[in-house]
Structures are given as structure tokens and as C-alpha cells.
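Please read the structure below before turning to the comments.
The values are calculated or read from the model by the stated rules, or taken from the named source; none is laboratory data. Everything numeric here is computed off the predicted structure, so don't read it as measured data. Glycine gets a Cβ as well: all are built from the backbone with ideal geometry, and neighbour counts include every protein chain shown. SASA here: full protein model, heavy atoms, side chains in, ligands and nucleic acids out. Shrake-Rupley method; radii C 1.70, N 1.55, O 1.52, S 1.80 Å.
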Amino acid sequence: MISVAEAHKIIDDQITRLARERVSINDIEGRVLAAEIIASFPQPRFDNSAMDGFAVRASDTKGASKKRPIDLKMVGVVSAGSAGDVVVGTGQCAQCMTGAPIPQGADAIVIVEDSSGYESGPEVQMYTEVQEGQHIRREGEEIQLGDLLINDGTCITTAELGTIATFGYKDIQVYRKPKLALFATGDELVEPGNNLLPGQIYNSNLYLFEDLASRAGAEVVLKNVIKDDQDALKTFLADAFGTCDMVISSGGVSMGRFDYVRDVFMELGVKEHFWKVAQKPGRPLFFGSNSTALIFGLPGNPVSAFIGFMEYVWPVLESMTGQSRASTISAVLDESFPLDAVKTRYLFGNTWSEDGQLICAPSKKVGSHMLSSSLEANCIIVADPGDIPLTKGAQIRVRLLPWKSIK
Ligand code: AMP
Ligand code: MG
């Protein structure tokens, strides 16, 4: 039996990054950038108005006030999208809308509220003095040509999408999605919607896995619930090994008489890297590989399956797509926590912020079959082996569940 740290090291040595592909901006939400996004022009791209009003020469407005307006001759209209080829001379102004280029000769904007308005006729009264540059967004004031905007390995969400569009990029280099085959094993498993006969239970793990896979940006190409039957396992795996980057199973990998998953993996030529890890729950964890896929045999107990996916599979999916991994963070225990002398202990927990500190309450339901312990959770507690139980107020490491928030 190896330690959690050793298990991670062995897994990491087997990870290869996936190939890149070009995808339309319409389909890149949730994908991971496989190239840097560089500014192809300065931003703003040209001097333009920050407000609706009149482009003027600031010096022409000196001393202007509501009581003593200054008249300027209106010589044109520049709207957003126009080329801005109006010229503003001394004593002149041009209507100039938000986002419109600043006309040649003008160096400030008087907002329309500080003037007699667009309908004033040939002479417009300015009610206020403006300074040079006022209400003008300068070319390059936000971003310079060639600036690095977004790093390779960034998951594309709202802000990245908006920025990519801002610079007009249409087809984007992203990492190929990892292709996954998921299967659950167990003669007792029944799909939701069917009646349970004595001894049967509903399959929950495939639903957990499929949801986690999609959150991690992977694509599930095969999934099935399979009986504890070697031939049925072989049939599924024959398909999976040809088409997938990763195979993930739940159940059938422990010491039970009908736990065939590991045997079948090996029979089909999978190289075993490890089988058992010093952790609780989830000790019977299989990791292997063949020439095309990484293979995870996770335990069947739903908490072990859920936590095993988050602790072992999720980071691999991140690395395969070039993403950096989130680390665990420190929290203060709200109640005591039992350590194990030799095993890493995992438990769902709930963290919240209090007086500037992150506090963590471990779930009261500690059984690996008690999936309801995940309902209130926003983190997984990761407790290294130790001899003395941790008491309230002790520091503990937690891994936040990325789709949950701290209240
Ligand atoms: P196993 O690892 O196959 O020995 O299963 C351990 C426990 O997890 C048993 O109580 C199984 O009934 C349960 N289990 C296995 N697979 C699933 C599943 N897909 N959904 C819910 N429970 C499961
Ligand atoms: Mg089983």
C-alpha cells in the first residue's frame, strides 16, 4: 500500500498533454486555451469620446459657465462607427457621441447636459469649461499592441470570451477535450426510474462521474452500468480502449469475490501502477495505463467514488488540458477531527468565513456509503496521517469544490 503523495507522483508521471485544435469563438466556453491571447491592436484602438456631447478645443471653453455661456459653431456630427473625418477649428464644435472618434483639431468633450443641446442650430452654447483630454478615452490607455492578455492554459469563461471577442479573434486554439469512458459495476445496481427488488440499490456513481467529468471539461463518449461479469466488462472495455483517453470505473475493484474489474484490466493488458492507497475512505484505488489510456478503478462506495474522482481524476484532467491545479487551502476546525495513524483521511466539509478566518466543519456523517454528507459540503477535508486527534481550533487543509462558494 502506497501513500497518497506517492500515488499522486505515480499518476503525474503518466500524464501527457492533449493535442490542440481550432474552435470557433461560438463554441469555446469552458474550453482551455492552448495559446496565448495577444492584443492585435491597442485598446482603445483610437481616441474616442467617453460621453455623448460636443467635441471642442478646450481652450475655447475657458471661463464658460451657465451664466456666461460661450458660443461655438457646430461644424458636423460624429457618431459611433463613423470614420470621424470632421475637423474642428478654433471657435468650432462637432456633435460627438460615446465611442465616436475624436475629430481632428478637438481635444476635449463637453457633455450634452452642459450645452444648449443638439438642436441648438448653427451656434451651440457651452455652459462649462473643460480641460484638455476631458472625456476622451486615449488610444492604448488600457492595452498596448502586443500585450499578453490571457495565458495559455486558462479555462475560457465569461471574461475571457469577452476579451477574445474584443480583439476580433474568431478561431481559437484550445486543447482537445479529454475523452472518457465511464462505467459502474454491480449486480445490485438499478437505474433511477425503475422499481427496486430486494437487495437492489440505485446507481448513483455514474451520475456523479458524468457531472464531474463535464465540469472538468471532459467529454463522456461511453458510459454504462455493467454486471459483475467478466465478459460484460471485456466487451465494454474493448470499445473504451479504442476510443478514450481515460477509463474510469466505480466498484468491483476491492476484495469481494465478484470484484473482477482489476483482473479484467490486467487480462486486457493494462499495466498496473498501483492498486491500494493508504487513505480512508477509498483505499482500494486502482491506477493503470495502456498505450492510449489512463485507467482509474475507483471504489464503489459513493463517497469514496466522489472523493476519489476529485482527488485523483480531476487534477489529471486539468493537467491533460494544460491547466494549473488549485491547491488546498488552510482552514480552522470548528470541531475535533479524528486522524488516522497511517492513512490520509478525507471527509466532506463545509467552510465559511468568520472574522477574516476560514472555518471548517467536517460532515457528521463519516461513512463512505453516506453520500448525503456531500449535500451541505463545499470542500473536501484532506487530513494527513497523525497520531493525535485534531481539536477544535486546529488548522486543517481543505480542497474547495470549484463549483461551490464560501458563504
Ligand atoms: P464495491 O466497490 O463494488 O464493493 O461496492 C462497494 C459499495 O458501493 C457497495 O455497497 C455497492 O453496492 C456500492 N456501489 C457500488 N457501485 C455503486 C453505484 N454505481 N452507485 C451506488 N452505489 C454503488
Ligand atoms: Mg460491487
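Just one residue in the set Leu268, Leu317 is at pLDDT 95 or above, more than 22 Å from Asn203 (Cα to Cα) and open to solvent by 10 Å² or more (accessible area, probe 1.4 Å); that residue is Leu268.
The residue that is nearest to Val277 (Cα to Cα), counting only those in region 329-366 that are among the hydrophobic types (A, V, I, L, M, F, W, C) and assigned to a loop (DSSP other than H, G, I, E, B), is Val342. Output the residues belonging to region 75-101 that are touching a residue at least 40 places away in the same chain (Cβ under 8 Å) and on the phi > 0 side of the Ramachandran plot. Scanning region 75-101 gives a single hit, Gly99. The residues on offer are Val225, Val253, Val190, Val277, and the sole one that is under 25 Å from Val382 (Cβ atoms) and within 16 Å of ligand 2 (Cβ to nearest atom) is Val253. Just checking, how many residues over region 34-88 are open to solvent by 60 Å² or more (accessible area, probe 1.4 Å) and among the hydroxyl-bearing types (Ser, Thr, Tyr)? Counting residues in region 34-88 that are open to solvent by 60 Å² or more (accessible area, probe 1.4 Å) and among the hydroxyl-bearing types (Ser, Thr, Tyr) gives 1.
Against the list (1) open to solvent by 10 Å² or more (accessible area, probe 1.4 Å); (2) more than 24 Å from Asp384 (Cβ to Cβ); (3) at pLDDT 95 or above, the condition Gly322 fails is (3). For the residues Tyr202, Tyr207, the requirement of being within 16 Å of ligand 2 (Cβ to nearest atom), over 17 Å from Val23 (Cβ atoms) and without any contact (Cβ under 8 Å) to a residue 60 or more places away in the chain singles out Tyr202.
Filtering region 142-169 to residues that are closer than 14 Å to Gly30 by Cα and open to solvent by 70 Å² or more (accessible area, probe 1.4 Å) leaves only Thr158.
Got at least one residue in region 210-219 being more than 13 Å from ligand 2 (Cβ to nearest atom), surrounded by fewer than 19 Cβ atoms within 10 Å (Cβ to Cβ) and not in a helix (DSSP H, G or I)?
Within region 210-219, the subset more than 13 Å from ligand 2 (Cβ to nearest atom) is 210-219.
Then keep just the ones that are surrounded by fewer than 19 Cβ atoms within 10 Å (Cβ to Cβ); that gives 210-211, 214-215, 219.
Those left that are additionally not in a helix (DSSP H, G or I): 219.
Scanning region 210-219 turns up at least one residue that is more than 13 Å from ligand 2 (Cβ to nearest atom), surrounded by fewer than 19 Cβ atoms within 10 Å (Cβ to Cβ) and not in a helix (DSSP H, G or I).
In region 224-312, which strands (runs of 3 or more DSSP E) lie fully inside it and hold 2 or more residues that are within 29 Å of the chain's Cα centre (by Cα) and more than 13 Å from ligand 1 (Cβ to nearest atom)? Spell out how you get there, then give the answer.
Working: elements: 246-250, 271-276, 284-289, 294-298.
Hits in region 224-312: 246-250, 284-289, 294-298.
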